[in-house]
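Novice: Attaching a single structure in structure tokens format; questions to follow.
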Amino acid sequence: MARPVVSRMLLTAALGLSAVAAPAAASTASASAAAAEIPLARVIPAPAEVSPVAGAAFRLGPRTVIRARPGPAAAVGDQLARALRPSTGYPLPVVPAAPRGGPTISLLLGAGERRLGDEGYRLSVTPEAVTIRANRPAGLFAGTQTLLQLLPKEIDSPTPVRRTWSVAGGGIVDYPRFAYRGAMLDEARHFHTPDEIRSYIDEISRFKINHLHLHLADDQGWRIQIDSWPRLTTVGGGPGTGVDGVGPGFLTKADYRDLVRYAAARYVTIVPEIDMPGHVNAAQVAYPELTCDGVAPPPRTDTAVGYSSLCISSETTYRFVEDVIRELAAMTPGRYLHIGGDEAHATTEADYLTFQRRVLPLVAKYGKTAYGWNEIAKSSASAHAVAQYWNTGTTNPDLVAAVAAGTRVVMSPANKAYLDMKYDPNTRLGLSWAGYIEVRTAYGWDPANHVTGVGEDAVIGVEAPLWSETLRNLDDIEFMAFPRLPAIAELGWSPAATHDWASFSSRLGAYGPRWTLRGVDFYPSPQVTWG
């Protein structure tokens, strides 16, 4: 993908790099001596436990092999090898048994450590070997992402770099604080292609994000194929849809299933969302019978909210809703199905509660856990659901009452975690209704005590939503997501005791050159000393 030249020049200047003028420059430059190894603690998210050992570095070389038994461990090994080969030029075969005495990266399942859970890992580094042990394949994958950050930044070069590749000696024991660590991408306001979504998955998985929430329908467009209601995509995803009428397109079922498989290979679970009973104008343009008067509303390409509502008293509404939930559930192996529920200003309070009482159980009928914006907490039917807290305040009596009845919570406060908010008044993209969010603001809160009365035992995790009213391409996605997404990722993964701005900003600054080498168009925040 072509990248804006001005943006690239800005990034390289901010990082103090000679123009990533070309990967060729990196490939011909030779490092005659190894720089000091990267400290084991200099990774994002911060590890739970770090035990450095001086003088015990491992050196990656042309004879290094990746040892992994056939199956899931070998699949993780193959991904690691593909990440390492372009910059090192080494063959790095993935083998079930390593030659005696040769340098080895071992990926071993069956750690047998309860505290590691499904996603934790133990990494040890000696002069002879790097060993990653985990209970489950997701933990092996998380460990390899840490290993990649412990290698010199040139590991992210797309072409070979002549230098010494070494990893500092010692050990890491690491596991997540919260089980759910998510990012959200709005496909409705502007359609982002499967290739763009895959690129985003690649980047978020580096920071141990394990859910990608796709907002697939809103007033401005419908972006997922539903066979029983085909005009949703032929009309709702057709030309002229999206904000300003410039974001047409939709995911076929084949596209969606391919994205689910691609994400799963990186231990990311896709969470689909169809927002209702509000945010449904695109559906009603396609099917006027979803309105109470049977008259199609005009298409909307503006950014207003709160004006549309399904007809709560009509059985056609519930036939439509069940068809959509049934088809989405059938192609979604993940646990959650998001039914929206926010900003239903055109739906009366009584009608809203009626709608949720009928719709939330439908999600369970098709084998999924219902998930919605925090407004669903007003309904007693949300007791077995997950409410996503997006409000900007720190009190919410409805949410507190729902939590007492069993509702679990994902924290996404808009004034902390919304990646579409501008960094400052001069940011060329984004909105500002929830305030300006610089990196320190995104980092400076605790999901466990953000809302009074909602404690850590009720919070299953965090999510960073990225709405696309002002986004048009992958560069825009990257510019708004990075470097704030790693801040949210660290809040979700790392122990609360490691939460420290000085440490995080130092690690983030050291990470910046890696984005530049990969061509990621990130925002070089002045709050961070880069590279």
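Novice: Quick check: at a probe of 1.4 Å, how many percent of the accessible area of the range 417-531 sits on carbon and sulfur atoms? Can you show the working numbers first?
Specialist: On the way: 1690 of 3380 Å².
With neighbouring chains kept in place, the figure for the range 417-531 is 50 percent.
Novice: Another question, if that's okay. Between the range 80-94 and the range 215-287, what's the alpha-carbon centroid distance in Å?
Specialist: Using only Cα atoms to place each centre, the spacing works out to 37 Å.
Novice: OK, next. Give the carbon-plus-sulfur fraction of the accessible surface of the range 283-401 in %, rounded to a whole number; probe 1.4 Å, heavy atoms of protein chains only.
Specialist: C and S atoms contribute 53 percent here.
Novice: What are the ³J(HN,Hα) values, in whole Hz, obtained from phi via the Karplus relation 6.51 cos²θ - 1.76 cosθ + 1.60 with θ = phi - 60°, for each residue of the range 258-267 in sequence order, with x given for Gly and Pro?
Specialist: Whole-Hz 3J(HN,Hα) from phi for the range 258-267: 5, 5, 4, 5, 4, 5, 4, 5, 10, 6.
Novice: With Kirkwood's inverse mean 1/r over C-alpha pairs for Rh, give me the Rg to Rh ratio of the range 35-86, two decimals please.
Specialist: Values: Rg = 13.9 Å, Rh = 13.7 Å.
Expressed as Rg/Rh, it is 1.02.
Novice: Would you mind telling me the antiparallel percentage of the DSSP bridges in the chain, rounded to 5?
Specialist: Percentage antiparallel, nearest 5: 30.
Novice: Which entries in the list LYS153/LYS253; LYS208/LYS416; LYS378/LYS422; LYS208/LYS368 go over 27 Å, if you measure between the two C-alpha atoms of each?
Specialist: Working: LYS153/LYS253 38 Å; LYS208/LYS416 19 Å; LYS378/LYS422 31 Å; LYS208/LYS368 23 Å.
Flagged as over cut-off: LYS153/LYS253; LYS378/LYS422.
Novice: Let me test this: with uniform point scatterers at the alpha carbons of the range 368-423, what is the Debye-based log₁₀ I(q)/I(0) at q = 0.19, 0.23 1/Å?
Specialist: Cα-only, vacuum Debye calculation for the range 368-423: -0.60, -0.81.
Novice: Taking the solvent-accessible surface of protein heavy atoms with a 1.4 Å probe, what is the per residue accessible area of the chain in Å²?
Specialist: Details: 19430 Å² over 531 residues.
Accessible area per residue: 37 Å².
The values are calculated or read from the model by the stated rules, or taken from the named source; none is laboratory data. Note that this is a predicted model, so its numbers are computed, not measured. These area figures cover heavy atoms from the full protein model, side chains too; ligands, DNA and RNA do not enter into them. Shrake-Rupley method; radii C 1.70, N 1.55, O 1.52, S 1.80 Å.
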